[in-house]
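Reviewing the structure listed below.
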Amino acid sequence: MSETTLRTERAGAVARLVLARPGKLNALTANLHAELRSALESLAADDEVRVVVLTGEGRAFSAGQDLTETLPRDEQGRIDLGPPLARDYNPLLLQLVDFAKVTIAALNGPAVGASMNIALACDIVLAARSAYLQEAFVHIGLIPDAGGTWLLPRIVGPRLASALMLTGDRIPAEEAKSMGLVYRVFEDAEFESGVADFARVLSEGPALAHRLTKRALRESLGNELEAQLDLETSLQREAGFSMDFAEGLKAFRDKRSPRFAGR
Ligand code: T3D
C-alpha cells in the first residue's frame, strides 16, 4: 500500500488539506495527486464543508513535481511528460478552477513550479512573510504547466507573466502581494492563526452566493459583456430566491449581523 501523503483536518465548516511530505518539501508524486483529487471530490460532496484550505506541512508549501519520480517514456525511449500531465495535473487544475466552494491556498513556505500554479488556481492565496512563489520550470528546461500559462497572465498581465516565467525568478510574498498574486501576507508566527481566522470568517458567509460568484467569475473569462450581463441576471435571480438573501435583508433591517444557512 502507498504511504499517506495528504492529511485532511476539519474545524467547523473549514477543511484543511495538508500536503504531507515535508522531508521532500511536499513535492508532488502520482500518489499525492491521487489523494488530492479524491479528497477534493469528497469535500465537494460534503454539505458540511464550505471552505477548503490547501497548505503544506513543514517549511514549504510544495516544491512542485517530485523530480526523482520515475517518468514514463515513449516508444523511442524518451521521457514523455504527456501522461502525467493528462492523468494528474490537468484534471487537478480543472477540479480546482471549477470547485463550487471557496478554496484558499495558504502558502506556509515556497510554492514552486506546478505548485505555484496550483496555488493560483485557488480563489484566494494567503502567504507567510517568508514564503515565495517561483515559476521554476525554466531552470530545468521546461515550460510552465499546471495551467500557469493561462492563469498567470490573467492575474498579473502578459508582460509581467512573461518576465516571471522566462526568468524563473523567486517572488517574495510581499512582492507577490503587490502583483495581485497574494491577497494577504501574515508574519510567520501569526500565519496559522491568521489563516484559520480568515477561513472561518469566509465559512460563515453565504455559501450559495459564493458558489454563484465563483461561477460568474469563471464564465467571465470566455464571455462578451452582453453574455456576462445575462449570466449575472440569471445567477442573481437564483441568489435573490435564497434564504440567505432573505436573512441578509432582515439582518440589515434589524441592525444585526446575518446568520447565513448557505441556502
Ligand atoms: O514531471 C512532470 O509531470 C512535469 C511537470 C513538472 C512540474 C514542475 O513542478 S517542474 C518544477 C519542479 N520543481 C523544481 O524544479 C524545484 C526543485 N527544488 C528546488 O529547486 C529547491 O529544493 C527549492 C528552491 C524549492 C528549495 O531549496 P532548499 O535549499 O530550501 O531545499 P533543498 O535542500 O533543495 O530541498 C530539501 C529536500 O527536498 C531535498 O531532499 P534531501 O536531499 O534532503 O533528501 C531535496 O532534494 C528535496 N526536494 C526539493 N524539491 C524537490 C525535492 N525532491 C523531489 N522533487 C522536488 N521538486
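The angle between the Cα long axis of helix 225-240 and the longest principal axis of the Cα atoms of the chain comes to about 60 degrees, rounded to the nearest 10. Take every pair of alpha-carbon atoms less than 8 Å apart whose residues are at least six positions apart; their mean separation over the length of segment 46-115 yields a relative contact order of 61 percent.
Arrange the following residues from fewest to most other Cβ atoms within 10 Å of their Cβ: D98, D123.
On the way: D98 12, D123 20.
Ordered from fewest to most neighbouring Cβ atoms within 10 Å, D98, D123 come out as D98, D123.
Measuring nothing but how far apart in sequence close Cα pairs (under 8 Å, 6+ apart) lie, relative to its length, the chain scores a relative contact order of 15 percent. Electrostatic tally near Q65: other residues with Cβ closer than 15 Å to its Cβ, Lys and Arg +1, Asp and Glu -1, net -3. Each other residue within a Cβ distance under 13 Å of Y183 adds +1 if Lys or Arg and -1 if Asp or Glu, for a net charge of 0. Per-residue 3J(HN,Hα) values for segment 127-144, derived from phi via the Karplus relation 6.51 cos²θ - 1.76 cosθ + 1.60 with θ = phi - 60°, read 9, 6, 4, 7, 6, 9, 10, 7, 7, 7, 3, 4, 6, 10, x, 10, 9, x Hz in sequence order (x marks Gly and Pro). Ordering K250, K255 from the fewest to the most neighbouring beta carbons within 10 Å gives K255, K250. Secondary structure note: in the chain, about 30% of the DSSP beta bridges are antiparallel. As I understand it, the value is the acute angle between the Cα axis of helix 158-167 and the longest principal axis of the Cα atoms of the chain; what does it come to in degrees, rounded to 10? Helix 158-167 sits roughly 30 degrees off the main axis of the chain. Between H210, H33, H139, where does the largest GNM mean-square fluctuation fall for the chain, given springs only between Cα atoms within less than 10 Å? The residue with the greatest mean-square fluctuation here is H139. For K101, the lysines whose Cα comes closer than 22 Å to its Cα, not counting residues fewer than 8 places off in the same chain, are K214. Bridge orientation summary for segment 61-167: considering DSSP beta bridges with both residues in this region, about 10 percent are antiparallel. For the chain, modelled as a GNM whose springs connect Cα atoms under 10 angstrom apart, the maximal fluctuation among T213, T103, T70 occurs at T70.
Only the coordinates and a few stated rules stand behind these numbers; no lab work does. As the structure is a computational prediction, the values presented were derived from the model and not from experiment. Using ideal geometry, Cβ is built from the backbone for each residue, glycine included, and neighbour counts are taken over all protein chains shown.
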